[in-house]
1. Can you find a residue in the range 43-52 that is open to solvent by 30 Å² or more (accessible area, probe 1.4 Å), among the hydrophobic types (A, V, I, L, M, F, W, C) and over 18 Å from the mean Cα position of the chain (by Cα)?
2. Tell me, which residue of the range 194-221 that is more than 16 Å from V281 (Cβ to Cβ) and in contact (Cβ under 8 Å) with a residue 60 or more places away in the chain is nearest to the chain's Cα centre (by Cα)?
3. For the structure I just gave you, tell me whether A108 is in contact (Cβ under 8 Å) with a residue 60 or more places away in the chain and outside any loop (DSSP other than H, G, I, E, B).
4. Taking the options T291, T302, T287, name whichever one is in contact (Cβ under 8 Å) with a residue 60 or more places away in the chain, in a strand (DSSP E or B) and closer than 14 Å to D54 by Cβ.
5. Mind telling me which of the residues S59, S70, S87 ends up being open to solvent by 30 Å² or more (accessible area, probe 1.4 Å), of a type in the set (S, T, Y) and in contact with a helix residue (DSSP H, G or I) (Cβ under 7 Å, 6 or more places away or on another chain)?
6. Find the residue count for the range 146-179, including only residues that are among the hydrophobic types (A, V, I, L, M, F, W, C) and part of a helix (DSSP H, G or I).
7. I'm checking my understanding of the structure. Among residues of the range 255-292 that are on the phi > 0 side of the Ramachandran plot and out of contact with any helix residue (DSSP H, G or I) (no Cβ under 6 Å at 6 or more places or on another chain), which one is least open to solvent (accessible area, probe 1.4 Å)?
8. Every residue in the range 226-251 that is surrounded by 21 or more Cβ atoms within 10 Å (Cβ to Cβ) and either in a strand (DSSP E or B) or touching a Phe, Trp or Tyr at 6+ places or on another chain (Cβ under 7 Å) (or both), please.
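The values are calculated or read from the model by the stated rules, or taken from the named source; none is laboratory data. The shown structure was predicted, so the numbers you read here are calculated from the model rather than taken from an experiment. Backbone-built Cβ (ideal geometry, glycine too); neighbour counts: all protein chains shown. For the accessible areas, the whole protein counts, side chains as well, though only heavy atoms, and no ligand, DNA or RNA atoms are used. Shrake-Rupley method; radii C 1.70, N 1.55, O 1.52, S 1.80 Å.
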Amino acid sequence: MRARYGVPLGIAAAGAAGLLYSAGFEARSFRLRRVTIPVLPPGMRPLRVLQVSDIHMVSGQRKKQRWLRSLAGLRPDFVINTGDNLSDPEGVPEVMDALGPLMEFPGAYVFGSNDYYGPTLRNPARYLYEKVQGRHGLNGNAPATNVVHNPWEELRDGFDAAGWLNLTNTRGSLKIDGHEIELTGLDDPHVKRDRYARVAGGPSDSADVSLGIVHAPYLRALDAFTADGYPLILAGHTHGGQLCIPFYGALVTNCDLDTERVKGLSKHTEAESGRTSYMHVSAGCGTSRYTPVRFACPPEATLLTLTEATGA
């Protein structure tokens, strides 16, 4: 019996243990990452920016709510929410409760596809298949049909009422200690809602620093921001790969970004102009309600400290 069934049973046991770990522990093992990015002009004091992304709130996720509320203790200068707040049409009140303390600070947001549409049950292998085929979201795939529409208007109204800037294909600015922080946002490229022509032209001369904000880091959005001279782009969407291989990394990004830049700080160069921008991609703090697992990729928020540009 050992010779015949020992190996299959061992594999099954290891798989079950991995699933228990990835769903029961790692997916709820929330962390804060700290990153320093040199993009400010000379003489400007460092700015502390809290980026939250891909919350994917489902009713009843009390630990996630408590952790998000606790982030207000960091006392950031401002907050950037890079979208996908929902994974449940009933989750809006819990998102607002979880982010309530953070909405006491200046902030801004863009939405992701899961703010607009409810998740659907998918075979995870489809992400690998779509990567091979070069198809992601509605970019190259057939339009979505029979989808659940999330109450994104309630999220928008709640964020707006708190004074957060809605960056849906538009520009906004925050005043921090007399400095103008320009924020230029796009709606989600994953579902073809981005309209860069509406915000094109690059940073304003009056701004002390300008940031590009988008949910999904598709190359067309990164290229446009970089060619226009934005020193830093913030994005989410990828979940850091969500299910990663230790010592190897992510298998997919769920967009056309390469896996080497699936999360964290990197640089992006636009070929035609030769310009380069910093890019930070948050691995986010949630998962789809239908795939509530993470492996070698814990949920996160990031405290970004912006400092004087190197050589400035």
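1. no
2. V209
3. So A108 passes the test.
4. Result: T302 is the single residue among T291, T302, T287 that is in contact (Cβ under 8 Å) with a residue 60 or more places away in the chain, in a strand (DSSP E or B) and closer than 14 Å to D54 by Cβ.
5. S59
6. Looking only at that region, the number is 4.
7. G264
8. Residues satisfying the conditions are P231, L232, I233, L234, A235, C244.
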